[in-house]
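S.K.: Got a structure for you, questions after.
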Amino acid sequence: MTSKERVLRAINHQEVDRIPLDLGGMACSLQDEIYFKLKDALGFPGDIEPFREGSTCCYYDERLLDYFEIDIRRIFAKSTGKFPIHFPDGSFQNEWGLVQKKGKFGIDFVRSPLEDAEIEDLESYPWPKAEDIFDLTGMREKAEALHAENQYAISLRAPVNGIFELACWMRGTENFMVDMLADEEFAHALTDKILEVQMDWYGHILDEVGPYVDMVETGDDYGAQNSLLISPECLEEFILSKRKRLNTMIKEKAPQAKIFLHCCGSIKRIIPAIAASGVDVLNPVQTAATDMDPYDLKAAYGDLICFHGGVDTQKALRGTKEDVEKEVRRMLEAMNHNGGYILSSCNHIQGDVPVENIITLFECAKKLSQK
């Protein structure tokens with residue numbers, strides 16, 4: 001099988017010759033620190049240009065993907081360079097007006113621009129436009145070339161965060177949580193505006209590459225370690241009802257593409273609602289979270305959605321090589337039957353993960369799953 005055949009068969013719940021592998025996408029990439037360690041350990045010379053700023057995962061190196069025989073290749077929209085805007089104190093402002101700063105464990109928030117906003121302020125707010133944010137030069141040509149090669153599954157890397165995440169970040173999490181209960185009009189108005197931006201951004205990019213992609217990545221976190229962040233009722237009313245509109249538009253512009261959603265945490269009870277919104281592939285399968293046992297997930301929803309990720313980053317990847325092999329065996333035993341599973345880490349691989357464990361992850365997965 002080609003990598004493309006392997007990935008598409010898995011998504012369509014068909015048997016594969018070996019488990020499809022992924023690295024370098026939304027919530028399954030290498031944080032910058034570990035990227036450089038791994039690149040150096042494998043002897044890849046020189047540096048590549050980062051594909052973005054303002055994140056902890058800014059490098060996409062296809063030499064690593066070739067080395068590990070990764071089955072998916074990404075295409076990205078380049079930045080016009082207008083954002084982020086950097087300030088003397090080390091903070092920076094992104095295209096949404098969010099002011100952030102690099103912290104000890106990631107990117108910290110300094111200021112939420114709509115923290116004190118009234119509903120009338122939403123109309124005058126400078127919502128970011130796709131044409132100001134993205135430089136699509138060469139993107140169609142890259143997608144066409146990968147499509148013509150017909151070797152790898154082609155995924156459009158998510159150009160924007162999710163509706164719920166952005167509402168919390170721009171309004172302040174506590175404020176938006178209160179809005180959904182005490183000021184529903186504002187909550188709907190804010191999430192409608194965010195949806196408009198998302199539709200603009202995805203539509204702008206898919207007008208260029210829609211016919212060539214096999215998967216379109218989206219993301220939004222609805223779960224914490226032990227529970228949902230909001231009730232299923234609030235999720236449906238304010239978020240998923242609008243995500244359905246985004247997913248419908250994506251399917252119109254790329255009817256052959258599968259829709260991928262990154263959604264962390266303990267989310268088992270809302271998987272049917274996520275699938276009903278139009279999602280085909282669910283990442284990251286955070287099995288260390290409450291009620292996210294991979295055997296139970298596969299038994300309950302293995303015919304409904306394709307799972308992606310699953311290899312624990314909280315303990316297993318930080319442990320020994322034996323811990324990693326045991327974890328890979330567990331995920332394959334739980335998930336790798338009747339298709340429906342793409343193996344990767346269950347979130348970005350961070351700087352404290354031993355390099356040899358990353359190598360073990362992919363080598364072990366190929367060895368144990370080969371038919």
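S.K.: For Val110, what residues show an amide H to amide H distance below 5 Å, using hydrogens built from the backbone and excluding near sequence neighbours?
M.R.: Correct list: Val99, Gln100, Lys101.
S.K.: For Glu237, what is the net charge nearby, where nearby means another residue's Cβ is under 14 Å from its Cβ and Lys, Arg count +1, Asp, Glu -1?
M.R.: Around Glu237, the charge tally is -3.
S.K.: What is the antiparallel percent of DSSP beta bridges lying wholly in the chain, to the nearest 5?
M.R.: Restricted to the chain, the bridges split so that about 35 percent are antiparallel.
S.K.: Evaluated at 20 °C with a viscosity of 1.002 mPa s, what Stokes-Einstein diffusion coefficient in µm²/s does the range 49-100 have when Rh comes from the Kirkwood expression over alpha-carbon pairs?
M.R.: It comes out at roughly 163 µm²/s.
S.K.: What are the lysines whose alpha-carbon lies under 23 Å from the alpha-carbon of Lys251, with same-chain residues fewer than 8 places away excluded?
M.R.: Straight-line reach from Lys251, under 23 Å: Lys4, Lys78, Lys129, Lys142, Lys193, Lys242.
S.K.: Oh, and also: Under 10 Å, Cα contacts only: if you run a Gaussian network model on the chain, which one of Lys82, Lys258, Lys298 comes out with the highest mean-square fluctuation?
M.R.: For the chain, modelled as a Gaussian network with Cα springs under 10 Å, the answer is Lys82.
S.K.: Here is a follow-up. Among rounded, prolate and oblate, which fits the range 136-212 when a ≥ b ≥ c are the square roots of the eigenvalues of its C-alpha gyration tensor, a/c under 1.5 means rounded, and a/b larger than b/c means prolate?
M.R.: prolate
S.K.: Return one whole number: the accessible area per residue of the chain in Å², for a 1.4 Å probe.
M.R.: Accessible area per residue, the chain: 42 Å².
S.K.: With every protein chain left in place, what is the accessible area of Leu229 in Å² (1.4 Å probe, nearest 10)?
M.R.: Rounded to the nearest 10, the figure is 80 Å².
S.K.: Another one. Which value, in Å² rounded to 10, gives the accessible area of Glu174 with a 1.4 Å probe and all protein chains present?
M.R.: Glu174 exposes around 140 Å² with every protein chain in place.
S.K.: Which whole-number percent is the relative contact order of the chain (Cα, under 8 Å, 6+ apart)?
M.R.: Reported as a whole number, the value is 22 percent.
S.K.: Would you compute, from DSSP H runs of 4+ residues alone, the mean residue ellipticity of the chain at 222 nm, taking -39500 (n - 2.57) per run and dividing by the full residue count, rounded to the nearest 500?
M.R.: -12000 deg cm²/dmol
S.K.: Using 29 Å as the Cα-Cα cut-off, could you pick out the over-long pairs in Lys39/Lys104; Lys39/Lys321; Lys268/Lys315; Lys37/Lys298?
M.R.: Those over the limit are Lys37/Lys298.
S.K.: Then there is this: Out of the total accessible area of the chain (probe 1.4 Å, heavy atoms of protein only), what percent is carbon and sulfur?
M.R.: That share works out to 48 percent.
S.K.: So how far, in whole Å, is the C-alpha centre of the range 322-371 from the one of the range 22-82?
M.R.: Computed from Cα coordinates, the inter-centre distance equals 19 Å.
S.K.: So what's the net charge close to Ser55: Lys and Arg +1, Asp and Glu -1, counting the other residues with Cβ under 11 Å from its Cβ?
M.R.: 0
S.K.: Take the alpha carbon atoms of the range 257-320, find their center, do the same for the range 98-117, and report the distance between the two centers in whole angstrom.
M.R.: 28
S.K.: Next question. Just for the range 64-210, what percent of DSSP beta bridges are antiparallel, to the closest 5?
M.R.: 70
S.K.: How large is the convex hull of the Cα atoms of the range 265-365 per residue, expressed in Å³ as a whole number?
M.R.: Output value, Cα hull per residue: 87 Å³.
S.K.: State, in angstrom, two size descriptors of the chain derived from its alpha carbons: Rg to one decimal place and Dmax to the nearest whole number.
M.R.: Rg, Dmax (Cα atoms, Å): 19.9, 60.
The values are calculated or read from the model by the stated rules, or taken from the named source; none is laboratory data. Values in this document were obtained by computation on a predicted structure and should not be read as measured data. Cβ atoms come from the backbone with ideal geometry, glycine included; neighbour counts cover every protein chain shown. Heads up: the accessible areas ignore ligands, DNA and RNA and are worked out on the full protein's heavy atoms, side chains in. Shrake-Rupley method; radii C 1.70, N 1.55, O 1.52, S 1.80 Å.
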